[in-house]
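Worksheet for the structure shown next.
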Amino acid sequence: MTQSQELRLGVIGDPIAHSKSPVMHAAALRARDMAGEYIALHVTPDRLEETIGAVRRQGYRGINVTIPHKENVMAYLDELSDEARRIGAVNTIVNDGGRLIGRNTDGIGYVRSLKEEAAARLEGRRIVVIGAGGAARGIVHALAAEGPDRITLLNRTTQRAEALAREWSDLADIRALASERTAEALADADIVINTTSVGMHPHTEELPLDPALLRGTEIVSDLIYNPLETRLLKQAREAGCVTHGGLGMFVYQGAYAFEYWTGAPAPIEEMRAAVLASMGVSARNG
Ligand code: ATR
């Protein structure tokens with residue numbers, strides 16, 4: 001199959017109207033002076049298979065995949081990266097001449113953001129992850145590759161954390177603790193990461209843990225980027241912790257995707273600025 005000159009890119013999800021990916025990738029293409037388009041496709045689950053067929057045939061170079069398709073899309077692809085297979089989710093598809101390769105850039109995007117923006121070194125660190133759902137899987141998988149001293153998983157449903165710790169016991173020292181033992185887990189943590197949706201708009205008053213327990217924690221990170229500073233991060237900042245919000249994860253997961261599709265380094269700052277500008281506009285309108 002011949003690739004047209006224009007780079008065809010897009011994102012599929014349901015809902016999709018509020019996705020910031022189109023504005024971010026349009027800015028990236030512009031900054032790199034590349035001809036192309038990145039469109040949002042509203043795809044309901046019953047149309048997933050035919051949409052992937054169209055992506056393959058119509059010369060799309062790449063597609064991002066978001067909720068609710070990250071797991072189900074795997075069945076329609078030709079190849080999965082090791083990472084995507086182990087995480088059990090795909091957020092980026094690369095179309096190599098009609099052959100669709102599924103990858104997962106969420107976890108590595110998060111870790112690149114954490115290292116660029118807050119924690120230059122993760123090796124030997126004691127990391128606590130709150131949550132054990134889909135988002136936690138990507139992040140724990142990528143964190144494990146950085147050689148941490150240990151990763152402790154805390155989750156409302158303890159069995160889910162235990163299952164994840166067991167599944168990935170070959171990757172790092174990963175352990176699970178019941179959420180009643182949060183104080184114990186946080187007592188000697190260097191880095192605490194919230195992967196749950198607790199504190200996300202519109203429930204911005206909620207906290208995933210008692211911030212009084214963060215005394216002594218060096219870095220507190222939250223995957224949420226709406227609001228940009230969650231209540232957890234505000235209280236952590238006031239307690240003297242270095243804080244790290246979720247915007248960088250969004251930008252860097254897109255940056256890796258852009259780099260896989262184009263082979264060119266992603267223009268990180270232009271991408272970040274475009275997302276922030278679009279959030280500013282929607283905040284004023286809303
Ligand atoms: P995601 O892909 O965003 O991680 P998910 O797979 O549904 O979504 O996982 C959501 C995570 O947030 C889970 O760890 C969930 O805890 P449970 O496993 O006990 O369900 C956690 N979570 C969601 N709402 C929560 C709440 N109100 N309090 C505590 N944890 C919550």
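The values are calculated or read from the model by the stated rules, or taken from the named source; none is laboratory data. Nothing here was measured: the structure is a model prediction, and the numbers come from that model. Glycine gets a Cβ as well: all are built from the backbone with ideal geometry, and neighbour counts include every protein chain shown.
Report yes if some residue within the stretch 146-158 is within 15 Å of the ligand (Cβ to nearest atom), within 20 Å of Gly88 (Cβ to Cβ), free of Cβ contacts under 8 Å to residues at least 40 places away in the same chain and surrounded by fewer than 18 Cβ atoms within 10 Å (Cβ to Cβ); otherwise report no.
Yes, the stretch 146-158 contains at least one residue that is within 15 Å of the ligand (Cβ to nearest atom), within 20 Å of Gly88 (Cβ to Cβ), free of Cβ contacts under 8 Å to residues at least 40 places away in the same chain and surrounded by fewer than 18 Cβ atoms within 10 Å (Cβ to Cβ).
May I ask you to list pairs of residues, at least six apart or on different chains, whose Cβ atoms are under 6 Å apart, with the first in the stretch 43-69 being assigned by TED's automatic domain parsing to the domain that holds Ser197 and the second being surrounded by fewer than 19 Cβ atoms within 10 Å (Cβ to Cβ) and of a type outside the set (Ser, Thr, Tyr)?
Sorted first by the residue in the stretch 43-69, then by its partner, the list stays empty.
Among the candidates Gly246, Gly254, Gly216, which residue alone is at pLDDT 95 or above and either surrounded by fewer than 23 Cβ atoms within 10 Å (Cβ to Cβ) or within 14 Å of the ligand (Cβ to nearest atom) (or both)?
After ruling out the rest, the residue left standing is Gly246.
For the stretch 93-110, state whether one or more residues are in contact with an Asp or Glu (Cβ under 8 Å, 6 or more places away or on another chain) and closer than 18 Å to Ile268 by Cβ. Spell out the reasoning first.
Taking the stretch 93-110 and keeping what is in contact with an Asp or Glu (Cβ under 8 Å, 6 or more places away or on another chain), we get 99-104, 107-108.
If we keep only those that are closer than 18 Å to Ile268 by Cβ as well, we get 107-108.
Checking the stretch 93-110: at least one residue is in contact with an Asp or Glu (Cβ under 8 Å, 6 or more places away or on another chain) and closer than 18 Å to Ile268 by Cβ.
From the set of residues in the stretch 188-203 that are surrounded by 14 or more Cβ atoms within 10 Å (Cβ to Cβ) and over 20 Å from the mean Cα position of the chain (by Cα), which is nearest to the ligand (Cβ to nearest atom)? Spell out the reasoning first.
Step one: list which residues in the stretch 188-203 are surrounded by 14 or more Cβ atoms within 10 Å (Cβ to Cβ), which gives 189-200.
From what is left, the residues that are over 20 Å from the mean Cα position of the chain (by Cα) are 189-190.
Working: Ala189: 18, Asp190: 21 Å.
The qualifying residue nearest to the ligand (Cβ to nearest atom) is Ala189.
Among Ala132, Ala142, Ala136, which is in contact with a Gly (Cβ under 6 Å, 6 or more places away or on another chain) and surrounded by 20 or more Cβ atoms within 10 Å (Cβ to Cβ)?
Ala142
Please go through the stretch 159-173 and pick out each residue that is farther than 20 Å from Leu209 by Cα, crowded, with 17+ Cβ neighbours inside 10 Å and within 14 Å of the ligand (Cβ to nearest atom).
Hits for the stretch 159-173 are Leu164, Ala165.
Within the stretch 75-97, restricting attention to residues that are of a type outside the set (D, E, K, R) and surrounded by fewer than 17 Cβ atoms within 10 Å (Cβ to Cβ), which residue is nearest to Gly134 (Cα to Cα)? Working first, answer last.
As a first pass, look at the stretch 75-97 and keep what is of a type outside the set (D, E, K, R): 75-77, 80-81, 84, 87-95, 97.
Remaining after also requiring surrounded by fewer than 17 Cβ atoms within 10 Å (Cβ to Cβ): 75, 88, 97.
Numbers: Ala75: 18, Gly88: 9, Gly97: 30 Å.
The residue in question is Gly88.
What is the residue count in the stretch 9-55 for residues that are within 23 Å of the chain's Cα centre (by Cα), in a helix (DSSP H, G or I) and loosely packed, with under 14 Cβ neighbours inside 10 Å?
Adding up the residues that qualify gives 1.
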